1. For chain A, report the translational diffusion coefficient in µm²/s to the nearest whole number, using Stokes-Einstein at 10 °C, 1.306 mPa s, and a Kirkwood Rh over Cα pairs.
2. Enumerate the amide H contacts of B:GLU198 below 5 Å, restricted to partners 5 or more residues apart or on another chain; note that Pro and chain-start residues carry no placed amide H.
3. Please quote Rg/Rh for the protein assembly as shown to two decimal places, taking the Kirkwood radius as Rh and restricting both calculations to Cα atoms.
4. When we measure straight from the Cα of B:LYS11, which lysines land under 19 angstrom away, once same-chain ones fewer than 8 places off are left out?
5. Quick one: Karplus J couplings for the stretch A:219-225, per residue in order, coefficients 6.51, -1.76, 1.60, θ = phi - 60°, nearest Hz, x for Gly and Pro?
6. Quick check: Cα centre of the stretch A:74-95 to Cα centre of the stretch B:98-118, how many Å?
7. Taking amide hydrogens as modeled 1.01 Å from N in the peptide plane, which residues meet the under 5 Å criterion relative to B:MET191, leaving out close sequence neighbours?
8. Can you give me the long-range amide H partners of A:ILE96? Hydrogens built in the peptide plane at 1.01 Å from N, cutoff under 5 Å, separation of 5 or more residues or another chain.
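Throughout, read-outs are computed from the coordinates displayed, never taken from laboratory work. These numbers were taken from a predicted model, which means no experiment stands behind them. FYI the Cβ positions are ideal-geometry reconstructions off the backbone, even for glycines, and counts take in every protein chain you see.
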Number of protein chains: 2
Amino acid sequence: MARRRQLYEGKAKVLFEGPEPGTLVQYFKDDATAFNNQKKGTITGKGVLNNRISEYLMQRLQEIGVPTHFIRRLNMREQLVREVEIIPIEVVVRNIAAGSLAKRFGIQDGTVLPRSIVEYYYKSDELGDPMVTEEHITAFGWAAIQDLDEMMSLALRVNDYLSGLFLGIGLKLVDFKLEFGRVYDDQTDEMHLVLADEISPDNCRLWDVKTNERLDKDRFRRDMDGVEEAYQEVARRLGILPEGGPRDMQGPSVLQ
Amino acid sequence: MARRRQLYEGKAKVLFEGPEPGTLVQYFKDDATAFNNQKKGTITGKGVLNNRISEYLMQRLQEIGVPTHFIRRLNMREQLVREVEIIPIEVVVRNIAAGSLAKRFGIQDGTVLPRSIVEYYYKSDELGDPMVTEEHITAFGWAAIQDLDEMMSLALRVNDYLSGLFLGIGLKLVDFKLEFGRVYDDQTDEMHLVLADEISPDNCRLWDVKTNERLDKDRFRRDMDGVEEAYQEVARRLGILPEGGPRDMQGPSVLQ
Ligand SMILES: Nc1ncnc2c1ncn2[C@@H]1O[C@H](COP(=O)(O)OP(=O)(O)O)[C@@H](O)[C@H]1O
Ligand SMILES: Nc1ncnc2c1ncn2[C@@H]1O[C@H](COP(=O)(O)OP(=O)(O)O)[C@@H](O)[C@H]1O
Ligand SMILES: [Mg+2]
Ligand SMILES: [Mg+2]
């Protein structure tokens, strides 16, 4: 395969120019960061699993009518996606208090929220991804109010669907983060929003229904053991653990 | 005068039972705090000046149709107000970047914002008054969406009026904080919102138009000199410096 031009290296993924205009290749690394980059490390096999988990979830969401950037998986660590103009807002949906919300409001971790809460964070590593409101987003021109309405209603649909899907495999969807981007729609000659980035245990909190065991990146944040196994367990329960099991996940990227 | 029953002692004021049901006496102290109570001190004469400044501004706002809790000033340090059910949300309106907004978004202090921005903070000393969104406020039941709409539109009217008033006396209204409360309206048999608490250099940032000199509590926060003089200067420009000038302001409260 011809060498691809690298466009961006992020904390967990690398973006390459795609084979056709308007496409990108998303390469999933094993790198993990937490607390605004203060903690860095590696979770062996994470890239392979997140590539597979995100493919699966984006496909299911596409089927229920949530537009996504996902086109197809190319290999163990890469997927082809539509290039989008990323809206620099992280949309967080929370069902159960955990992490920064539990701290901000002095609520016990694990408390079921009175209803699902949608939050926005401004995507900026330098500023530490500050929480923002519709006021900041619209005043600074990061997104229009129509975009926010669309993002919120898509995020709530994703929450409904994924809450059900995860409950079906014995996991509580505590909270998760989404990113959206704008694409040009040649059918309507207008821009519309699609779900971009990834959906994986890197940006979802997933707790076992019976034991409340955390099967997500919080294990890494909190220096718990079994980080790799947690990601594998999520894939296993989704029925998509790559053939050959965990062994397959450590292959160097050149062997893709 | 009969001794009044004290109901609450806050950081800057004390609330006493009022002479009639449904009224309170707000007593203005010289105490000042900053950075969520980490810094404490006294600004001599502040209570007298804030009592007078808040009286003046609440009266002017009442005249333009913004409902307030203010009834009348009783003496140098006390004013009679309607008792309200305080909504535990601080409404902040910002015209120019300063303080926490400048820090949160890495914007230079003094940058004119693309438009006025309204923010909400949850009133809780223990939690450090965290910034919150409509989502948190409505999910946790601190106010209804109708309350928020009313608070925001009243806050924007107050901003328009006070921006003009302060500009007229050579001051830029950089930002300010309001509190609202619910009162029972026997005319309509419904609850409605009124502006409560105080409007003073304790909760407004006021910069001299020509020199950008700060004539507000930031002088105290930043250990600058001339704190007392700044409060006096605001009252002087508003044409309401108590007769006898600053000397009058230090009279002990028993001589009210
Ligand atoms: N379809 C897409 N088109 C363009 N950019 C995308 C797309 N999907 C995700 N991105 C962006 O690519 C980056 C993914 O790499 P990641 O390691 O998550 O980066 P970061 O450290 O910035 O979060 C993110 O910045 C994300 O916003
Ligand atoms: N009209 C009112 N009725 C009832 N409470 C009020 C009214 N106006 C202001 N308050 C409340 O009284 C207190 C004023 O004292 P302050 O020293 O500012 O207290 P705090 O330290 O809580 O800010 C505030 O808690 C404020 O919310
Ligand atoms: Mg990312
Ligand atoms: Mg106060």
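1. Calculated translational D: 84 µm²/s.
2. Excluding prolines and chain starts, which carry no amide H, the hits are B:GLU179.
3. 1.06
4. B:LYS29, B:LYS39, B:LYS40, B:LYS46, B:LYS123, B:LYS177, B:LYS217
5. 4, 5, 3, 9, 6, 7, 7
6. If you average the Cα positions of each part, the centres end up 30 Å apart.
7. Hits under the 5 Å cutoff: B:ASP185.
8. A:LEU113
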